[in-house]
Amino acid sequence: MSSMKHIDNIPSTPGKFKEKSSYNRLRLHFSIAKLTFWSFVFLGLIFVCFFRSPSSSSSPASSDLSRRSLRTSSYDGPSWEKRIKASAKIRSRNGISVLVTGAAGFVGTHVSSALKRRGDGVVGLDNFNDYYDPSLKRARQILLEGAGVYIVEGDINDVTLLKKLFDVVQFSHVMHLAAQAGVRYAMENPSSYVHSNIAGLVNLFEFCKNANPQPSIVWASSSSVYGLNTKVPFSESDRTDQPASLYAATKKAGEEIAHTYNHIYGLSLTGLRFFTVYGPWGRPDMAYFFFTRDILKGKSISIFEGANHGTVARDFTYIDDIVKGCLGALDTAEKSTGSGGKKKGPAQLRVFNLGNTSPVPVSDLVTILERLLKVKAKRALMKLPRNGDVQFTHANISFAQRELGYKPTTDLQTGLKKFVRWYLSYYVDEKKSAQ
């Protein structure tokens, strides 16, 4: 952080202030004192909001910042480097070396596993925050370790850690999936979205722009950027300047930041707008996940309606289809054109929709879950709240089909069947075994 310059040493014409009365001199001194006072107040607020110790407060915001702080576990040393190199080893003829951020997350786990299966070198990075149950992330970590993928525990805002990783492995690609997810949580803790989705993104781009050679970057945007857009299906060329949530706004900001780093530094950047991803090892904050939990527990579930009892629908996209899109984006990503922070030619800049193109009413989702779980849901119809949720999403995937060969093949019935099978195995059967 650059140091601030003092602003009170203002040059003046010789003798200028001598002509003023003592009253004016006092007023000047008072103004300077007041300015100094408010400057310290402002700096104090910045310190309290962003740099204070997690232990200084027990509020939700401060505790959330603590779990998103730079809690990098011990790294460095021969044994650590050996694990990194083993995980990053390429085992196929045309393989690539990929740093996957957010590797213990839902999409990150599946992408890392798929890359490793086909022989690519993969190293994961995740801070294991507790936005949702960290034990699920640890279980995914164990799953990946069994496949030969090592996940480094650390934060994308930690420049020292990024430097150490790139010193050990010359990554050809970065799959950036680390982010603060969730539309509604942004109303509770907005600073966490700025920390991860904006500051974290910029920090990663800053490091990659100075790398030599620069890696190609594929990163997760979101279908939420379409916000209040009423034109359907959503196409990449549609307007995205009406975000309905802070989460959407941070993802939109990310796309503009990507354009900047591509334009100035020659980074090859591909953004992927995911549409309501679901499947085994999913996120507990997603509707299909907590609907399943609450139906099994006999709890009431809230099903939202739009204006005039309008249907709320989502373009549910199965995780395996999303993974195919992610791998397609990595495989077609061109090399960055910069070196050491200097652009040497035009670089690739792309954005793709990854959806299923078949929006399904949320009420139909519940009906499918009832059939698979063999339990009747206790439905409670409610008006769609103004908390950032939109009434529908629908992806136009023609661009991804043409450029990436992307073609989703899993319908909601089939995908939910696989999810329920995993859920019952992971939560219900495991609980019985423990008892």
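Selection of region 350-386 for residues being in a strand (DSSP E or B) and surrounded by fewer than 17 Cβ atoms within 10 Å (Cβ to Cβ) yields 361, 378, 379, 380, 381, 382, 383. Among the residues of region 117-161, those identified as charged (D, E, K, R), assigned to a helix (DSSP H, G or I) and either crowded, with 21+ Cβ neighbours inside 10 Å or touching a His at 6+ places or on another chain (Cβ under 8 Å) (or both) are 137, 140.
Only residues that are under 27 Å from residue 111 (Cα atoms) and surrounded by fewer than 24 Cβ atoms within 10 Å (Cβ to Cβ) were counted across region 223-233, and they come to 2.
Looking only at residues that are assigned to a strand (DSSP E or B) and out of contact with any Leu (no Cβ under 7 Å at 6 or more places or on another chain) in region 289-308, which one is modelled with the lowest pLDDT?
302
When region 85-110 is filtered for residues that are in contact with a strand residue (DSSP E or B) (Cβ under 6 Å, 6 or more places away or on another chain), touching a residue at least 40 places away in the same chain (Cβ under 8 Å) and over 19 Å from residue 200 (Cα atoms), the ones remaining, listed by number, are 87, 88, 96, 97.
The residues of region 234-259 that are part of a loop (DSSP other than H, G, I, E, B), buried (at least 18 other Cβ atoms within 10 Å of the Cβ) and of a type in the set (Gly, Ala, Ser), listed by number, are 244, 245. Within region 76-116, the residues that satisfy the criterion of being surrounded by 18 or more Cβ atoms within 10 Å (Cβ to Cβ), over 20 Å from residue 221 (Cα atoms) and in contact with a Ser or Thr (Cβ under 9 Å, 6 or more places away or on another chain) are 88, 96, 97, 116. Scanning region 260-285 for residues that are closer than 30 Å to residue 320 by Cβ and surrounded by fewer than 18 Cβ atoms within 10 Å (Cβ to Cβ) returns 284, 285. Residues that are out of contact with any Pro (no Cβ under 8 Å at 6 or more places or on another chain) and touching a residue at least 24 places away in the same chain (Cβ under 8 Å) within region 229-250 comprise 232, 233, 234, 235, 236, 244, 245, 247, 248, 250, listed in sequence order.
The values are calculated or read from the model by the stated rules, or taken from the named source; none is laboratory data. This is a predicted model, so every value here is computed, not measured. Please note: Cβ atoms are built from the backbone with ideal geometry, for glycine as well, and neighbour counts cover all protein chains shown.
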